[in-house]
Amino acid sequence: MDKKSPIQITLTERDDSVTITQWVYETLRGAVMNGQILPGRALTIRELAALLDVSPMPIREALRQLAAESALEIQGNRRVMVPTMTAMKFTELCEARIAIESHAAARALPYIDAARLTELHSLDRLIDQAQEDGNLEKISILNQNFHRLLYTANPHQVTLPLIESLWLQLGPFMRLATSKLEEHYVIDRHNEAMLAIEKQDAFALQLAITADIREGIAFASTPELLHRFIEKSRTAAH
């Protein structure tokens with residue numbers, strides 16, 4: 001992809017209780033997490049300010065926050081880019097997801113009531129519909145919502161910020177995963193997770209979440225495929 005190619009960031013209406021700086025941060029964070037800002041796409045504060053129709057100051061503050069979360073990289077020339085991905089970093093991020101999310105799911109299990117389980121089923125149906133429609137962005141957002149709804153059943157959970165940090169760092173690269181779902185994701189692991197919830201089987205739930213994450217990154221399941229994926233993300237920038 002050309003470093004100057006057009007970029008589309010989903011804008012939401014700002015509530016009066018939310019400051020412009022908070023809105024800008026959440027908007028840019030969502031764009032990174034959902035793969036709207038692809039690896040290698042150079043951005044400037046001026047361009048982002050124009051896209052969001054705000055002054056440079058809240059853009060600059062939001063970029064500082066996102067850089068601190070390793071989501072973006074601010075270069076010396078004031079350009080902003082998604083950090084370069086390496087095979088080792090990608091593997092580490094995915095293994096961290098499995099470890100933390102399987103833990104979060106098991107800890108949430110005792111708190112999942114019938115109402116929340118119904119919501120999970122509804123989200124899963126929406127994901128199926130988005131897959132039929134080929135809406136990659138919607139699939140990504142709904143999948144995050146499914147996992148978030150599951151983990152936050154635990155009123156004492158402290159892992160969600162860690163989990164979302166991992167999503168944020170992987171987000172720009174997971175568009176490729178979403179585009180390959182039909183090739184690698186042949187079993188509905190969300191369905192398995194919900195069956196485990198109904199049976200109150202924590203181990204089965206952990207296995208379902210682990211399989212869900214692993215199959216979501218199956219496009220990079222071998223060293224050869226992983227390196228090819230990394231190279232593809234690099235060459236997309238040119």
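The values are calculated or read from the model by the stated rules, or taken from the named source; none is laboratory data. Keep in mind the model is a prediction, meaning the values are calculated, not measured. Note: ideal-geometry Cβ built from the backbone for every residue, glycine included; neighbour counts use all protein chains shown. SASA here: full protein model, heavy atoms, side chains in, ligands and nucleic acids out. Shrake-Rupley method; radii C 1.70, N 1.55, O 1.52, S 1.80 Å.
Condition (residue is farther than 23 Å from M174 by Cβ and among the β-branched types (V, I, T)) applied to the stretch 93-112: is it met by at least one residue? Steps first, please.
Looking only at the stretch 93-112, we keep the residues that are farther than 23 Å from M174 by Cβ, and these are 106-107, 109-112.
Cutting the leftovers down to among the β-branched types (V, I, T) gives us 112.
For the stretch 93-112, residues farther than 23 Å from M174 by Cβ and among the β-branched types (V, I, T): present.
Within the set of pairs 6 or more residues apart or between chains, which connect a residue that is within 17 Å of G30 (Cβ to Cβ) inside the stretch 143-165 to a residue that is of a type in the set (S, T, N, Q) with Cβ atoms less than 7 Å apart?
Sorted first by the residue in the stretch 143-165, then by its partner, the pairs are L160/T152.
Is it the case, given these coordinates, that I100 is open to solvent by less than 30 Å² (accessible area, probe 1.4 Å), among the β-branched types (V, I, T) and at pLDDT 90 or above? Spell out how you get there, then give the answer.
Numbers: open to solvent by less than 30 Å² (accessible area, probe 1.4 Å): no; among the β-branched types (V, I, T): yes; at pLDDT 90 or above: yes.
In short, no.
Just give me the residues in the stretch 159-180 being open to solvent by less than 30 Å² (accessible area, probe 1.4 Å) and either part of a loop (DSSP other than H, G, I, E, B) or at pLDDT below 65 (or both), in sequence order. Please lay out each step first, then the result.
Initially, the stretch 159-180 is screened for residues open to solvent by less than 30 Å² (accessible area, probe 1.4 Å), giving 159-160, 163-164, 166-168, 170-173, 177-178.
Of everything in the stretch 159-180, those that are open to solvent by less than 30 Å² (accessible area, probe 1.4 Å) and either part of a loop (DSSP other than H, G, I, E, B) or at pLDDT below 65 (or both) turn out to be T159, A177, T178.
List every residue pair whose Cβ atoms sit under 9 Å apart, with the two residues 6 or more apart in sequence or on different chains, where the first one lies in the stretch 204-218 and is closer than 16 Å to Q131 by Cβ and the second, anywhere, is modelled with pLDDT of 90 or more and small (G, A, S).
D212/A193
Look at the stretch 1-24 and say how many of its residues are modelled with pLDDT of 80 or more, surrounded by fewer than 20 Cβ atoms within 10 Å (Cβ to Cβ) and farther than 19 Å from L170 by Cβ. Before you say what the answer is, go through the steps one by one.
So the first thing to find is which residues in the stretch 1-24 are modelled with pLDDT of 80 or more, and the list is 9-24.
Retained after the next criterion (residues that are surrounded by fewer than 20 Cβ atoms within 10 Å (Cβ to Cβ)): 9-23.
From what's left, farther than 19 Å from L170 by Cβ: 11-23.
Residues meeting the conditions: 13.
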